[in-house]
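Since the structure comes first, as structure tokens, the remarks are kept for the end.
Readers should treat all values here as calculations from the given coordinates under stated rules, not as data from a laboratory. Nothing here was measured: the structure is a model prediction, and the numbers come from that model. Cβ placement follows ideal geometry from the backbone for every residue including glycine, while neighbour counts extend to all protein chains displayed.
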């Protein structure tokens, strides 16, 4: 029997046979996450029903020296939940309880498998919502959001997952259940919760999450503005920010992305646009009204040739439909595509878009651009046909060149999709060896054995080594203090 | 050139004298200082404005104070990108960011950027803008071994690598020397207005709920509760002229109070002279802290209050406030107190995850040389 066979038998006995998947055909359904060109069939899949079962699974892995990978809904776009062939994939999809909605505390407590949008639906009747809204919010899980520090269209104003999670119960990589943060703010001690959110499953698995609920805005107004070019749409974005307006969202699509969206969902954007902007303002009605007129004027002044103002939530949803379906929509105009995720300082937008255009032409590879213009988060979609020899490689080159541009302009290799498996190789371009080694100090504190999601984030495997302990006279030991 | 000079009598930390003082003017100089300090096995405490040196426990040992007074200034202010990079010794007050603001209120005059981040202080407007951890987008830190590490970057949206900035925020100088911080900025609002209402403590819970129910998006919801007598509630709204007028009018109605543009003298200041606590509770339990017989003040809208602890009855008061906070899942930390009080009370109270925190400390500072003993659990 292999180590995994022994582990499977143990977990079957401890948790019950229905928690374990080790049939080869069934295992195959977990071979990838949202980044489907990396595939690894997991050694074993475990579906714990609660935190205790999750902790027992991790402990069993630790005792067997077997690596483990956590997976929520599997919508991640950087291969963060890519399984380990000789490891256990711990899937949180059976942990879907909304434990508590506490509007008086502006908090909700949920299990990790709960779908992002379901938190908002549960809070809505109380006048609250959960602010982080990744495009996949109808299917992605809160546990996955915590692992990836997910953003979304509205994080320009409201921040990311890390700004909306106040507590988490976590199974550490040695199988212990601990509480980080909580319902009250500012927990004393190191902000381990802050370090944990966005650690991509390498510091443990969240088994219960306390999130901040945000009061629903009194007013939401949405504008769709069509421009002849991305330059003008970029100028409008800059003008809005310079005017001191902080919109809830500023989203941009270029002509090719619009073409794809029209083909897929018939969103009915203005014809002939080189770029469209969706600008959304929310907040107290009097503030929104005052600033909305300003935003409209700035778009016109920057060259918008058509402005549409959403008359009702249905029309607003239609504006957003084109944007939110954009990734999948490019499937209508290209058999294959790479979704890139990079960040540049927002002011560099027009320049970087020209550079992306140059790279695209030089390689003969089409690039459709969709992005969160307000915060400079680019999502270029690099189009190719895998059936044509060499195209996939050229697309990969273009995708990599775009990341190089982001670094050149002082940005980041990922704004919201995470490093995962996909971008570990780019980390040394953004960080020095000392930077990476310092991050690794944190990893070693949590996971000295390196069993939690190995091979992600860090480009090269590192060993932790023992901590040299030097106790001094007068330095209390933990037992004396507590 | 010598990397440090002899300390003077004024160079103490919570009463513990230092032997040397260094004042590096750049990250590179700081790295050289800390590299030497590591070689000589010196115990190090970082000093910014010196406004919170009496916070936490005194260091178990102290050789070298690293002062950030020469590590000042704006490295970069990219107005169009709404970001700023500041050297750690830069005073928080009086930052000139041309129509923009770093929305981090400092409760103590004279505090530096590095000191505010290292102690995670916050003020009234955390209600809208969050705290240092939320505004920070990048950090440069010199590790105890003298190596320089960066985390985050200069763009607001960035999930590349671990968020070490959050780990360092509020770490009380126990993990390294922060030399530069990058922050996201906010536009300065056109106008602001404050709506005040004074009411008996028993009515405050209902008034807070009424403010929450209005969709006026306050920038701050503060209370000032003296040891006895009525409590003052102050709600701040910021924005456009038309918007603020309308929002303030609604608050006047809901609170039965008066709008003003004059801030009360207590606004954003700690309520203590000698001994003070920070109390955090879930929002619905803020009223629990108002009838404890001590002066309490702070951000009622976020569940973060500060208490003036009478020195004479400190152990009893600390115990009572802590019991109230901890019972509802909150925390109660004694931030500062005269030495005789420190000897009688547990400064930090219960800390969850302490074993893991020790492991983090061991990795970053295996010699336990950085601010030894000042932090939770004797870290």
Where a ≥ b ≥ c are the square roots of the eigenvalues of the C-alpha gyration tensor, would you call region B:284-365 rounded, which needs a/c under 1.5, or, failing that, prolate if a/b is larger than b/c, or oblate?
oblate
Mean Cβ neighbour count within 10 Å, used as a protection proxy, ranking B:240-246, B:114-120 highest first
B:114-120, B:240-246
Kindly rank A:241-251, A:353-363 from highest to lowest mean number of other beta carbons found within 10 Å of each residue.
A:241-251, A:353-363
With a ≥ b ≥ c the root eigenvalues of the C-alpha gyration tensor of region A:410-464, is it rounded (a/c under 1.5), prolate (a/b larger than b/c) or oblate?
prolate
Based only on Cα atoms, what mean projected area does the convex hull of region B:76-216 have, in nm²?
10.8
Per residue of A:286-295, count partner chain C-beta atoms within 10 Å of its C-beta, then hand back the mean as an integer.
4
Area projected by the alpha carbon convex hull of the protein assembly as shown, averaged over all directions, nm²:
35.1
Give me the mean projected area, in nm² to one decimal, of the convex hull enclosing the Cα positions of region A:150-239.
8.8
Find the relative contact order for region A:197-336 and round it to a whole percent, using C-alpha pairs within less than 8 Å whose residues are 6+ positions apart.
37
For a protection proxy built on the mean count of beta-carbon atoms within 10 angstrom, sort A:60-66, A:145-151, B:279-285 highest first, please.
A:145-151, B:279-285, A:60-66
Could you tell me the largest-minus-smallest coordinate of the C-alpha atoms of region B:233-379 on each of the three principal axes, in descending order and whole angstroms?
58, 37, 27
Treating the angle as unsigned and between 0 and 90°, give the value, to the nearest 10°, between the Cα long axis of helix A:3-15 and the longest Cα principal axis of chain A.
90
Rule-of-thumb Rg ratio for chain B [Cα; 2.2 N^0.38 Å; N residues]:
1.01
Span from the region A:182-255 Cα centroid across to the region A:69-111 one, whole angstrom
20
Rg/Rh over Cα atoms for region A:210-326, Kirkwood Rh, comes to 0.98
One checks the Cα atoms of region A:360-447 and finds Rg and Dmax, in Å, of 15.5, 47
Using only alpha-carbon positions, what ratio does the radius of gyration of region A:38-142 give when scaled by 2.2 N^0.38 Å?
1.21
Quick one: work out the % antiparallel among DSSP beta bridges in region B:12-106, nearest 5.
45
P(r) of region B:283-332 over all Cα-Cα pairs, binned every 5 Å from zero, in whole percent
5, 22, 36, 25, 10, 3, 0
Estimated 222 nm signal from helices in chain B, with DSSP H stretches of n ≥ 4 weighted -39500 (n - 2.57), rounded to 500:
-6500 deg cm²/dmol
Kirkwood Rh in Å, taken over all unlike Cα pairs in region A:323-482:
18.3
Average beta carbon contacts from partner chains per residue of B:213-221, 10 Å cutoff:
3
To the nearest 10 degrees, how steep is helix A:391-408 against the longest Cα principal axis of chain A, on a 0 to 90 scale?
90
Per-residue average of Cβ from other chains inside 10 Å of B:355-365
6
Taking the Kirkwood radius as the inverse of the mean 1/r across Cα pairs, report the Rg/Rh of region A:123-181.
1.03
Give me the distance between the Cα centres of region B:325-379 and region A:351-388, rounded to whole Å.
50
Relative contact order as a percentage, chain A, C-alpha pairs under 8 Å and 6+ apart, gives 14
Estimated [θ] at 222 nm from DSSP helical runs (n ≥ 4, -39500 (n - 2.57)) normalised by residues in chain A, nearest 500
-10000 deg cm²/dmol
Global geometry of region A:276-337, whether rounded, prolate or oblate, following the gyration tensor of its Cα atoms and the 1.5 cut on a/c
prolate
For chain A, which semi-axes, largest first and in whole Å, follow from the square roots of 5 times the eigenvalues of its Cα gyration tensor?
39, 27, 22
Over chain B, what is the relative contact order in percent, taking alpha-carbon pairs closer than 8 angstrom and at least six residues apart?
16
For region B:320-379, state the semi-axes of the equivalent ellipsoid (square roots of 5 times the eigenvalues of the alpha-carbon gyration tensor), sorted largest first and rounded to whole angstrom.
24, 17, 6
In whole Å, how far is the Cα centre of region A:1-50 from that of region B:143-178?
36
Using only Cα atoms and rounding to the nearest 10 degrees, what angle (0 to 90) does helix A:51-64 make with the longest principal axis of chain A?
60
